[in-house]
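The values are calculated or read from the model by the stated rules, or taken from the named source; none is laboratory data. On a predicted model such as this, the values are computed, not experimentally measured, just so you know. So basically every Cβ, Gly included, is an ideal-geometry build from the backbone, and we count neighbours across all protein chains shown.
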């Protein structure tokens, strides 16, 4: 399998490179340290699997993942990160990643996970599978309980409404949900249009009224 390693730490990239290159059926085709460099190398090298860090100097692994899959949907992306946060795990999977691993993974397990991804499996530990199942139950339950006026609101828009109700700014919402401020603005515009509201205060009031029931 052809693998590209994306991480902003040169020493870590080198260690992963040496580990994977020692495997007879893995060819590390390159290393990248930024979103921009990653996109160029993906276009040129056509890796089958990308090991993706979350924090990069010019963006996030999510930014890179969305851009890559828009251009090369067949590429399999596995996050390898220090971030154990549930919200980042969920966002990575929603963006199309085929796995999410922490950097304390054992070397032999990393190799095994990559072989699994190459065969069509997902690189997730049992604990992360459980967390994804819990999140699925959480996000589907509110949708069933929403009154008819909120049926058109997506799960992501509902999350934005919830944060607006706390008084969060667009920047704070973007940070919390790991999305761009422009994406937040688009969600707010969609919510206003769907509910025929004029401003954020009406969104907050509607959310609070709903939760009082």
When residue 126 is evaluated against the numbered criteria (1) farther than 23 Å from residue 15 by Cβ; (2) touching a strand residue (DSSP E or B) at 6+ places or on another chain (Cβ under 9 Å), which criterion, by number, is the only one it fails? (2)
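Yes/no matrix, rows are residues, columns are (1) crowded, with 18+ Cβ neighbours inside 10 Å; (2) over 14 Å from residue 115 (Cα atoms); (3) touching a residue at least 12 places away in the same chain (Cβ under 8 Å); (4) outside the structural domain of residue 114 (by TED's automatic domain parsing):
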position	(1), (2), (3), (4)
6	yes, yes, yes, no
12	no, yes, yes, no
16	yes, yes, yes, no
20	yes, no, yes, no
28	yes, no, yes, no
34	no, yes, yes, no
Does residue 156 satisfy the criteria of being within 19 Å of the chain's Cα centre (by Cα) and either at pLDDT below 90 or over 30 Å from residue 16 (Cα atoms) (or both)? yes
Within segment 178-195, of all residues that are surrounded by 15 or more Cβ atoms within 10 Å (Cβ to Cβ) and farther than 20 Å from residue 152 by Cα, the one farthest from the chain's Cα centre (by Cα) is 180
Only one of 208, 187 is over 25 Å from residue 64 (Cα atoms), outside any loop (DSSP other than H, G, I, E, B) and in contact (Cβ under 8 Å) with a residue 24 or more places away in the chain, namely 208
When residues of segment 103-114 are limited to those that are surrounded by 15 or more Cβ atoms within 10 Å (Cβ to Cβ) and without any contact (Cβ under 8 Å) to a residue 40 or more places away in the chain, the one farthest from residue 177 (Cα to Cα): 113
What do you reckon, is residue 67 out of contact with any strand residue (DSSP E or B) (no Cβ under 8 Å at 6 or more places or on another chain), closer than 26 Å to residue 180 by Cβ and part of a helix (DSSP H, G or I)? yes
Out of the residues in segment 40-64 meeting the condition of being in contact with a strand residue (DSSP E or B) (Cβ under 6 Å, 6 or more places away or on another chain) and not in a helix (DSSP H, G or I), tell me which one is surrounded by the fewest Cβ atoms within 10 Å (Cβ to Cβ). 48
